[in-house]
Amino acid sequence: MACAAVVLRMVLAWKGAPVWLKDRMDVSPPHGTLRRIQEGVALWRLGHSPYLGSAWQGPPLLMVLLKPFLYLQSEFEWAYVIPYLLADVIASNAIRKLAKHLGKQTETAEGNEEEMTRTVSSGWALYDLKDGEEKTRYGAPHAYPSKEWLLALWYLWNPCTLATCLAGSVAGIENACVLGALAAAVENNIPLASFFLISATYLSLHPIIYALPVGVILARGAEKLLNKEEGGEVRERKSRTVLNFLAWCLCWSLLFVGLSECVLSSSGHRPSTHWMSQTYGFILGVGDLSPNMGLYWYLLVEMFDDFRGLFTFALQMGIVALLPVLFLRLYERPLFLACVQAVIISLFRPYPTFADQALYCTLLPLFSDQLSKMKHKVLLVNSFLWIDALGPIFWYLWTCLGVANANFYYAVSMVYACVQILLLNDMIGATIEYQREIKDEKKDV
């Protein structure tokens with residue numbers, strides 16, 4: 001099935017599927033569309049700066065990575081899809097590793113002669129641990145040998161992921177980096193986790209907030225609700241782990257910036273401050289107000305220019321403002337915190353795409369047991385299906401046929417935001433209730 005998903009991407013790319021996808025704002029952000037990447041590469045080949053005009057607003061190393069495949073596109077129509085296809089394969093393998101780790105994490109009940117039953121926090125199922133008995137914290141060993149592969153296949157066959165890959169959107173590479181950072185963190189691979197995290201941040205800046213859950217996972221593990229009291233030696237080790245992680249992040253950041261500067265200076269172009277302002281200034285300042293699934297474009301078009309900076313700052317800060325409260329409440333569940341942050345980024349970023357939806361919809365099944373207490377599951381599923389189906393239709397009616405107006409399409413964006421807010425409320429509420437039940441059962445033991 002995984003091979004079939006890969007072949008399907010290549011066949012659709014060969015048949016010209018991206019022709020009607022590559023300019024869609026609900027699939028590709030403006031700083032990472034296939035057309036703009038091609039324009040930036042063309043300017044570079046002519047000896048001009050790729051940041052000349054408004055054609056290219058992505059980081060230099062991304063263009064260096066994609067340039068060989070764009071050259072091959074003249075010979076093989078499907079060649080452009082290769083890096084995005086590899087990104088999807090990396091992402092699916094990362095989600096498989098996350099599921100495998102959660103399925104094998106163990107916790108043994110010790111030190112009690114009487115038979116002891118204890119309910120364990122679970123992303124898959126509830127199991128009872130008895131004295132002297134060792135079972136996996138998320139299920140019996142190999143109880144679900146195919147479930148991790150089902151999640152990987154769900155990511156590969158997700159229509160949102162498929163469209164993102166065919167459109168040549170940088171959002172697919174960003175998802176692969178985020179999932180790679182989480183998978184490396186649960187395996188306690190600090191250099192690789194920091195590399196993927198900085199790579200995602202280098203592409204679009206907003207993934208920097210994943211540094212918090214990734215750091216906690218490295219220090220404490222993915223789910224540590226039933227940890228015993230920790231001594232000073234354990235706390236010191238965790239502090240060293242966090243400092244090591246931050247040091248690696250700094251090293252990778254300096255390396256990426258240095259390589260970007262070398263790439264541009266070797267061609268006689270401007271220093272790094274220019275490409276940084278063109279890339280990250282474009283994202284933070286919302287330089288493109290083309291209609292998309294986000295909240296920014298309509299508000300910023302309708303208001304006076306004097307107020308745009310204030311409202312842009314307020315919306316951008318929405319990603320960061322909720323972080324301290326969520327961290328204090330979900331400190332014991334950093335992997336779930338990362339899933340919550342994925343929804344928040346999709347809600348508040350200026351150029352959300354369906355790839356953002358694919359990311360958190362892939363992570364949600366990891367917490368199927370605790371999220372079974374959600375109260376609006378049917379409403380949420382139907383709402384997302386409605387948005388995914390009617391959103392592109394409304395966009396086509398307005399921009400192509402001209403039979404509607406901006407209000408007509410922005411209504412879909414508003415509904416999308418409301419559905420994500422409802423999802424956040426349901427997710428966090430169900431998790432808090434689940435944690436309360438577990439702690440109550442601990443007290444009864």
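Coordinate-derived values only; no laboratory data. Everything numeric in this text was worked out from a predicted model, so none of it was measured. Neighbour counts run over all protein chains shown; Cβ positions are idealised from the backbone, glycine included.
Set the Förster radius R0 to 45 Å, insert the Cβ-Cβ distance between D306 and S266 as r into 1/(1 + (r/R0)^6), and round the FRET efficiency to 0.05. Step by step, r from the Cβ atoms, then E = 0.60.
Measuring r between the beta carbons of L385 and L243 and using R0 = 51 Å, the FRET efficiency lands at 0.65. Annotation for E437 and E75: the two label points, set 7 Å from Cα along the Cα-Cβ direction, are 5.9 nm apart. Its Cα gyration tensor gives the stretch 19-82 an equivalent ellipsoid; the semi-axes, largest first and in whole Å, are 17, 16, 10. The modelled label-to-label distance for the pair N425/E187, using points 7 Å beyond Cα in the direction of Cβ, is 4.0 nm. Placing R0 at 22 angstrom, the Cβ-Cβ distance between L86 and W20 gives a FRET efficiency of 0.40 after rounding to 0.05. Under the combined filter of DSSP loop state and at most 13 neighbouring Cβ atoms within 10 Å, the stretch 1-74 retains these trypsin sites (Lys or Arg not before Pro): K15. Taking label points 7 Å from Cα along the Cα-to-Cβ direction, E236 and M1 give a separation of 4.9 nm.
Within 10 Å, Cβ to Cβ, of C160, how many net charges do the neighbouring residues add up to if Lys/Arg are +1 and Asp/Glu are -1? Charge balance in the 10 Å sphere: -3.
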